[in-house]
Amino acid sequence: MDSKEKKPHLLHVSATVAQKTTAARPAAVALISTWALFTAFGFVLNNGIISLYSLLTDGLTAEVNALHVGRLCCAELQVAAAVLALRLPCRRVWARYAFAYLALALTTVGHCMFTAQVRLLIIADPGDDFFRILCGVAIFMYAVADIVGFLVLLLVEGEEE
């Protein structure tokens, strides 16, 4: 083969057909999926509150551990939904929006589990004001971001199609 000759493609699909089969990724889906990925990795890396487990009773320890396992399982599903919303090659935009809604719903469930876990840890050590303020600010930011995320998906979905 000469160096000037083009090499044949492995698949006999033209570039125009490949471009027509996938839709552009909406900006709202990218934003929500990024938020879901960010909080999921934050949940996995957040082990600083485990140091308060020694102050819990056996019943509260079991409940906090169950919430922790639930948060980790929710984070895995959240990452899967967010990655599918970002990388799914499809013609229909509604599928990307569906996975973005799922990722955001799982993010909200994880934040609710985090709130329940923090409540139990504050019961264990009511005198730690820094922990109370830090977790209170985090819970407020999570709630605001989740509500804004749902509003973005609801308001932008019809406009981008």
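The values are calculated or read from the model by the stated rules, or taken from the named source; none is laboratory data. Note that this is a predicted model, so its numbers are computed, not measured. Neighbour counts run over all protein chains shown; Cβ positions are idealised from the backbone, glycine included.
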> What are the residues in the stretch 139-161 that are without any contact (Cβ under 8 Å) to a residue 24 or more places away in the chain and outside any loop (DSSP other than H, G, I, E, B), if any?
Replying inline: F140, M141, V144, I147, V148, L151, L154, L155
> Within the group N46, N65, which residue is at pLDDT below 90, more than 30 Å from V152 (Cβ to Cβ), out of contact with any Leu (no Cβ under 7 Å at 6 or more places or on another chain) and of a type outside the set (S, T, Y)?
Replying inline: N65
>> Would you confirm whether or not the stretch 131-142 contains a residue that is surrounded by fewer than 13 Cβ atoms within 10 Å (Cβ to Cβ), closer than 13 Å to W35 by Cα, modelled with pLDDT of 85 or more and under 21 Å from the mean Cα position of the chain (by Cα)?
In response: yes
> Which pairs do you get when a residue that is in contact (Cβ under 8 Å) with a residue 24 or more places away in the chain, found in the stretch 121-137, comes within reach of a residue that is part of a loop (DSSP other than H, G, I, E, B), reach meaning Cβ atoms under 7 angstrom, with the pair 6+ apart or on two chains?
Replying inline: A124/L56
> Mind checking which residues of the stretch 54-73 are of a type in the set (S, T, Y) and surrounded by fewer than 15 Cβ atoms within 10 Å (Cβ to Cβ)?
Replying inline: S54, T57
>> I'd like to check something: does the stretch 113-124 contain any residue that is in contact with a Ser or Thr (Cβ under 6 Å, 6 or more places away or on another chain), assigned to a helix (DSSP H, G or I) and polar (S, T, N, Q)?
In response: no
